[in-house]
Structures are given as structure tokens and as C-alpha cells.
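Colleague: Input: one structure, supplied below.
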Amino acid sequence: DQIAAMERDTSSSDVSASHVGRARQRRRPTEATADGNRTNGPALLVNDQNKYKSMLIRTYSTVWMIGGFVLIVYMGHLYIWAMVVVIQIFMAKELFNLLRKSSEEKQLPGFRLLNWHFFFTAMLFTYGRFLSRQLVNTVTSDHLLYKVVSGLIKYQMFICYFLYIAGFVWFILTLKKKTYKYQFKQYAWTHMILLTVFAQSSFTVANIFEGMFWFLLPASLIVINDIAAYLFGFFLGRTPLIKLSPKKTWEGFIGASVTTIISAFVLANVMGRFQWLTCPRKDLSTGWLRCDPGPMFKPEHYSLGEWVPKGFPWKEVVLLPVQWHALALGLFASIIAPFGGFFASGFKRAFKIKDFGDSIPGHGGITDRMDCQMVMAVFAYIYHQSFISPQNYSVELILEQILRNLTFEEQKFLYQQLGEIYRERQLMQS
């Protein structure tokens, strides 16, 4: 009995000691401080211990992306369009995988293929409006192929609708018991992805064919703003900007805004002097462009007058009128477009993910880099159509529509009808 009592006392003392040890272990002040810092402390770049390593990786990826982008711009409009399509595919892939559940899809063979069916149907519908008989004529001179492709373009909307209905029926036939909720959630998620991806990309492609200037300048301003915000926040960031993005600071935001606006004014002057960037593309050819640049891209001389001292070497400056419009693009890129990034940050927090993907080292996924670009592309198109594009109908515009949308026989018939109308009016006047 005494031995048993001693063993009980020993075991109870061990249990209490271990309990006290665990309690003491939980009360370690260093761990509590670390947890507090991790929970409440601002995760600013200036406080990041591994910031130089991450900066090196990010810089390496940025150099490769900018180099590849410059090469594609040099190759021409069609290659930029192809780049936009590739970006869309990667974005769709990242967003499709965001709500994907492998356990559910094991019971649904071919269900992922349905999402891509809707994706390519939306792509055909979105980009079909950029095609016309004139564009097809620049691609092929074969009469039979011309008729086939012209017919496809004529019935493009009906074909897209039929493909969508086929996907709709396909979705209904694949519904399975116990997966209804998952399938309808994926159906709605797919349509939201298509709206997000193709709504902005259609404006992007329109900007490309209006003149590469209206695509390249807005895209460059977003890149400049992103790099400047990162650098200013890296070296000077102290004041957190928004809770959705803990590493964003007021110093980075203000420094990037000033840098972006100045860059917009300077870049517009540089880009606006190249016809390759300012001329609109009217066909699917890849040759160099020659055109009348228009009043927006013709230099104007501004006298400095009394604004400068007498010994100052420059008495006037040469500016392009489009530079004043570039200031509006710079303001939007520095103040409003970053909210596309904040929206994406909140979206990722809602799904408890750090990045949409890992395809770009140091940057995350393609979607992580396109969040602000999507907002900027829509604004650039709307601004161009509202303040830059001519609103009146000119003879050149009407002739362009005739050549683009009428066949040779229809053009010949129109020519004969106009001749008869002209002769009748001459007789009436005489």
C-alpha cells in the first residue's frame, strides 16, 4: 500500500509538473511578442528581412517580361493580339482552379472541358467583330477559302449562340445527384470569369487597332506605377495605406503617382513621334504603317516668354497635343487603377490565398499582374472614344466602311447607283 501510494504521488507530481511546464511554455514572453508582431505589426517591405532576396527575384522576372513585351510590340499588332489571347488563357486557367475541388470532379469526367468550351465560345464571339471581309481579303486570295471565311464571319453571331446553347445542354446532361451545388457554383463562376476576362480584353484589342499608342502608353504607365510603388515602399515605406494590402504604403502610393504622371507626359512625346505606334491598323497585315498622324500627334511650339530668365538657352518648347491627354491617363493610372489591385487583394483574402498562381517568380500569377491593367484598358478605350476619336462622318470613314463591309459586286452596284443619282441631280440643276 505504501509503495502504491508513493507511485501515485510520483505520477501526480509528474503530471502537475508537466502541466506547469506546458503552462510556462505557453507564457514565454518571446513567443507572445513574436505572435503579437506577426498579428498586429505592419508587414511593410521596409521591415521585411528577406526583402533583398525577393527584390532580386522580382527584378529578374521584370526584366524578362519587359524584354519580351518590347519584342512583341516590335513585331506588330497581330503578335500583340496573340499575346493578349495567351494572357487570357493563363488568367482563365488560374481562375478556373481557384474554386476547383478534385474530390467533386472525380465524379464528373469531362466537366472541366465544359468550362473551356464556354471560354473559347466567348473568345470567338468577342473577337469576331474585329474581322471583316476586308481583313479576310488581306489574309488569303483563294476564292473558295475567301467565301468560306466570309460566310463564317457573316454568321458568326449565330454560330457563337449555337455553341453556347450546346454547352448549356451539355451542362444540363452532366448534372449528377449530390454534386448539384458544386456544378451550379462552377457554372456561375465560369460566366463571371468570362465577363471579367473578355470585357476588358475586347477593349484592349480595340485599343491596339486604333493605334498601338493607345495600348502601349496605358500599359506602360501601369508597369511604371507598379515598379515605382514597389521601390518607394521598399526604401521609404513607413505608413500603411490600406488593410487589404498590408505592404502598400502612402509613401509608395504618392511617390508612384508623381512618377507615373511625369512619365505619362514624357512618354507621350516620345511615342507620339513614331507612325508605327500612332497609325491605326485597318487590316491583318504585318507591314510597316504610314499615315497622316492627325492633329494630336503634330508638334506645336509654345513660347516660354517671361517664364524663364534671360540667360536660359531654351525660349520655347515643342510639345504634342496628345501629351495633355496623357496627363489624364497618368492620373487614372496612379490614383484609380491601383484599386484594381486592392480589389484583387481583397478577393484573394476572401479565398485565403496569397497569389492567383506561381507562373511568374516573385510576382505570382498572370492574374496578379493584370488586375490594374484590366481597369486601365477600359478607361483608355472610353477616353479615346470620348475625347480623341473624331465623332463626325468623313468621306474617308464612309469609304473605309464600304470597302470593309461590301463585296466587290456590291461595291460595283453602289458605284452605278451613285452615278445615276449624280447624273439626275446634274440634269435637275441644268
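Colleague: Where the centre of each part is set by its Cα atoms, how far does segment 79-128 sit from segment 314-379, in angstrom?
Modeller: 23 Å
Colleague: Sorted by packing (mean other beta-carbon atoms within 10 Å per residue), highest first, where do 52-61, 298-307 land?
Modeller: Final packing ranking: 52-61, 298-307.
Colleague: Ok, one more. For residue 242, enumerate residues with amide H under 5 Å from its amide H, sequence gap 5+ or separate chain, H modeled in the peptide plane.
Modeller: 248
Colleague: Hey, another quick one. State the Cα centre-to-centre distance between segment 264-282 and segment 195-260 in whole Å.
Modeller: 20 Å
Colleague: So what are the radius of gyration and Dmax for the Cα set of segment 250-306, in Å?
Modeller: 16.5, 50
Colleague: Over the alpha carbons of segment 292-345, what is the largest minus smallest coordinate on each principal axis, giving the biggest first in Å?
Modeller: Between the extreme Cα coordinates on each principal axis of segment 292-345 lie 52, 34, 13 Å.
Colleague: Mind scanning 93/178; 106/352; 154/298; 154/185 and naming the pairs with a C-alpha gap bigger than 30 Å?
Modeller: 154/298; 154/185
Colleague: Order of 409-422, 162-175, 220-233 by packing, highest average Cβ count within 10 Å first?
Modeller: Going by the mean number of other Cβ atoms within 10 Å, highest first, we get 220-233, 162-175, 409-422.
Each value in this text was obtained by applying a stated rule to the coordinates, not by laboratory testing. Note that this is a predicted model, so its numbers are computed, not measured. Please note: Cβ atoms are built from the backbone with ideal geometry, for glycine as well, and neighbour counts cover all protein chains shown.
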